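Novice: Here it is: the structure, laid out below.
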Amino acid sequence: MNALALVIKLSLAIFVLLHGAVTLKRLACENWQLDYDDDNGWQILELSATQSIEILPSTVISKLFIFLHYQVSGKKFYRVIFKDALHPSINDYRQLIVTLKTYQ
């Protein structure tokens, strides 16, 4: 399919598989919540610790996913929120989009 040597193709395939396994392992134990209220603003709850965050204007909102760009204590972070990742219903995703657009 391409002109790469078989050793290089196998090395690339092994790298991709290992990277995928490490990523899946990391994401399996990741649990966080995003919250907004008028008194405290935006907050993120992760590992039983709540931190106030600032949602940055570079956050991208679409119908299928949200690229959340936020700042905590001067450090910038990115999170991807997919439409089907929120529980228990799709209305939660719509509500999150409205809240982000309103209070950003």
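Every read-out reported here was derived from the displayed coordinates using simple, explicitly stated rules and does not represent laboratory data. Computed from a predicted model, the values in this text were never measured in an experiment. With ideal geometry, Cβ positions are generated from the backbone for all residues, glycine too; neighbour counts draw on all protein chains shown.
Novice: Show which aspartates and glutamates lie in cross-link reach of K25 when reach means a straight Cα distance below 19 angstrom and same-chain residues fewer than eight apart are skipped.
Specialist: E46
Novice: Write out the GluC sites (Glu not before Pro) in region 10-59 meeting two conditions: DSSP loop, and at most 15 other Cβ atoms within 10 Å of their Cβ.
Specialist: For GluC sites (Glu not before Pro) across region 10-59 that sit outside H, G, I, E and B with at most 15 neighbouring Cβ atoms in 10 Å, the list reads E30.
Novice: Given an 8 Å cut-off on Cα distances and at least 6 residues of separation, report the relative contact order of region 31-104 as a percent.
Specialist: 17
Novice: Helix 90-103 versus the longest principal axis of the chain: what is the Cα-based angle in degrees, 0 to 90, to the nearest 10?
Specialist: It works out to around 60 degrees.
Novice: Let me ask something else. Between [x] -0.22, -0.66; [y] -0.37, -0.84; [z] -0.42, -0.87, which matches log10 I(q)/I(0) by the Debye sum over Cα atoms at q = 0.10, 0.17 Å⁻¹ calculated for the structure shown?
Specialist: Looking at log10 I(q)/I(0) by the Debye sum over Cα atoms at q = 0.10, 0.17 Å⁻¹ for this model, the match is [z].
Novice: Further question on the same structure: Check each of the chymotrypsin sites (Phe, Trp or Tyr not before Pro) in region 27-104 and keep only those in coil by DSSP with at most 11 other C-beta atoms within 10 angstrom; list them in order.
Specialist: Details: sites: W32, Y36, W42, F65, F67, Y70, F77, Y78, F82, Y93, Y103; in loops: none.
Sites meeting the loop and neighbour criteria: none at all.
Novice: For the Cα atoms of the chain, what angle does the longest principal axis make with the long axis of helix 6-28, in degrees from 0 to 90, nearest 10?
Specialist: The answer is roughly 30 degrees.
Novice: Right, another one. Would you calculate the separation in nanometres between label points at Y78 and V22, each defined as 7 Å from the Cα along the Cα-to-beta-carbon direction?
Specialist: For Y78 paired with V22, the spin-label model returns 1.7 nm.
Novice: Given H placed 1.01 Å from N in the peptide plane, which residues other than close sequence neighbours of T59 have an amide H under 5 Å from its amide H?
Specialist: Those lying under 5 Å, H to H, from T59 are H69.
Novice: Suppose only helical runs count, i.e. DSSP H with n ≥ 4. What mean residue ellipticity at 222 nm does that imply for the chain under -39500 (n - 2.57) per run, divided by all residues and rounded to the nearest 500 deg cm²/dmol?
Specialist: Rounded to the nearest 500, the figure is -12000 deg cm²/dmol.
Novice: What are the ³J(HN,Hα) couplings of region 53-70, residue after residue, when phi is run through the Karplus curve with 6.51, -1.76, 1.60 and θ = phi - 60°? Round to Hz, x for glycine and proline.
Specialist: 10, 10, 6, 8, x, 7, 5, 9, 10, 9, 6, 9, 7, 10, 8, 7, 10, 9
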